[in-house]
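K.L.:
Mind looking over this structure? Questions follow.
The values are calculated or read from the model by the stated rules, or taken from the named source; none is laboratory data. This is a predicted model, so every value here is computed, not measured. Here the Cβ positions follow ideal geometry from the backbone for every residue, glycine too, while neighbour counts run over all protein chains shown.
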Amino acid sequence: MMQTTSTAAQLSLSLEGKETQRKRILEHLRLMDWFGATDEQLQTALRMEGSTERPRRGELVAMGLVEDSLERRKTKANRMAIVWRVRR
């Protein structure tokens, strides 16, 4: 059975360990610097499901590496969302 590119990408992400997922999120937030990113933006940029991204980002918050910037940004659904940044 042949896998499509998106199926192969999803399988690859599901095999990724939690530590690698946390590193990817942290690296992206470092790249975004002061601008930060919402969960939705992280999910889009990293091609990560919300059920994967949110727990890993939550772990980074609990570790003191990421924080709520106190800024809010609209999502595609027109709701306000927390903008996350690397803690300084």
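K.L.:
Which one is surrounded by the fewest Cβ atoms within 10 Å (Cβ to Cβ), of the residues in region 41-88 that are acidic (Asp, Glu) and under 16 Å from residue 23 (Cα atoms)?
P.N.:
49
K.L.:
For region 64-88, which residues satisfy the criterion of being farther than 15 Å from residue 41 by Cα, in contact with a strand residue (DSSP E or B) (Cβ under 8 Å, 6 or more places away or on another chain) and not in a strand (DSSP E or B)?
P.N.:
Answer for region 64-88, where residues must be farther than 15 Å from residue 41 by Cα, in contact with a strand residue (DSSP E or B) (Cβ under 8 Å, 6 or more places away or on another chain) and not in a strand (DSSP E or B): 65, 87.
K.L.:
Within the bounds of region 15-27, is there any residue that is surrounded by fewer than 17 Cβ atoms within 10 Å (Cβ to Cβ), in contact with a strand residue (DSSP E or B) (Cβ under 6 Å, 6 or more places away or on another chain) and either among the acidic types (Asp, Glu) or at pLDDT 95 or above (or both)?
P.N.:
No, that holds for no residue.
K.L.:
Here are some conditions: (1) at pLDDT below 95; (2) assigned to a loop (DSSP other than H, G, I, E, B); (3) surrounded by 14 or more Cβ atoms within 10 Å (Cβ to Cβ). Residue 2 meets all but one. Which one does it not meet?
P.N.:
Failed condition: (3).
K.L.:
Identify all residues within region 28-40 that are surrounded by 14 or more Cβ atoms within 10 Å (Cβ to Cβ) and part of a helix (DSSP H, G or I); write none if there are none.
P.N.:
Across region 28-40, the qualifying residues are 28, 29, 32, 39, 40.
K.L.:
For region 38-70, which residues satisfy the criterion of being touching a Phe, Trp or Tyr at 6+ places or on another chain (Cβ under 9 Å) and over 16 Å from residue 81 (Cβ atoms)?
P.N.:
Of everything in region 38-70, just one residue is touching a Phe, Trp or Tyr at 6+ places or on another chain (Cβ under 9 Å) and over 16 Å from residue 81 (Cβ atoms), namely 60.
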